[in-house]
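Read the structure below first, then the notes.
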C-alpha cells in the first residue's frame, strides 16, 4: 500500500485552494469598491452643499437643494426648482431620505441664506444596499458644519 500523495492529487488540491482564494479576494475588492462609491457620493454631495452656501453669499439670495428620494436625485436652484443650477442623479448609490424638518418629513430641502447660514440642521442618508452613510449638516451660531458618518 502506497501512503504518499501523487502529483495529480497535489495539483488538484492546489487548484481548489487557488479558486477559493480568488473568490475571497474578488469578494473583498467588490465590497471595498461599493463602500468607496458610497463614500464618494457623500463627498460629492458635501461639496455641492458647500458650493450652494458660497453661491448664496456671492449672489446675495437663497440657494436651495431639493432632495427627491423617489427619483434618486437632488437639485440645486435659486427660485424655480425646474430651472436647476445643478441636478445630480445617484447611479451607484440610493438616496434613502432626509431629516431637515422634524415637524414635516415631507420637506426634503435645505436652503442657504445670503449670510451663508442654512435653514435647518439635518441629515441626508445614502445607501449602497448594504451600508448606510449619513451626511449631517449642523447649524450652530450661524456656522454650518458638514460631517460624513457611517450609519446603521
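Scoring residue 45 on the criteria (1) surrounded by 13 or more Cβ atoms within 10 Å (Cβ to Cβ); (2) at pLDDT 80 or above; (3) over 23 Å from residue 121 (Cα atoms) leaves a single failure, condition (3).
Quick check: anything in the range 51-60 assigned to a strand (DSSP E or B) and touching a strand residue (DSSP E or B) at 6+ places or on another chain (Cβ under 9 Å)?
If we filter the range 51-60 for residues that are assigned to a strand (DSSP E or B), which is where we start, we get none.
No, because not a single residue in the range 51-60 is assigned to a strand (DSSP E or B) and touching a strand residue (DSSP E or B) at 6+ places or on another chain (Cβ under 9 Å).
The values are calculated or read from the model by the stated rules, or taken from the named source; none is laboratory data. What you are looking at is a predicted structure, and each value in this text was computed from that prediction instead of being measured. All Cβ positions, glycine included, derive from the backbone under ideal geometry; neighbour counts span all protein chains shown.
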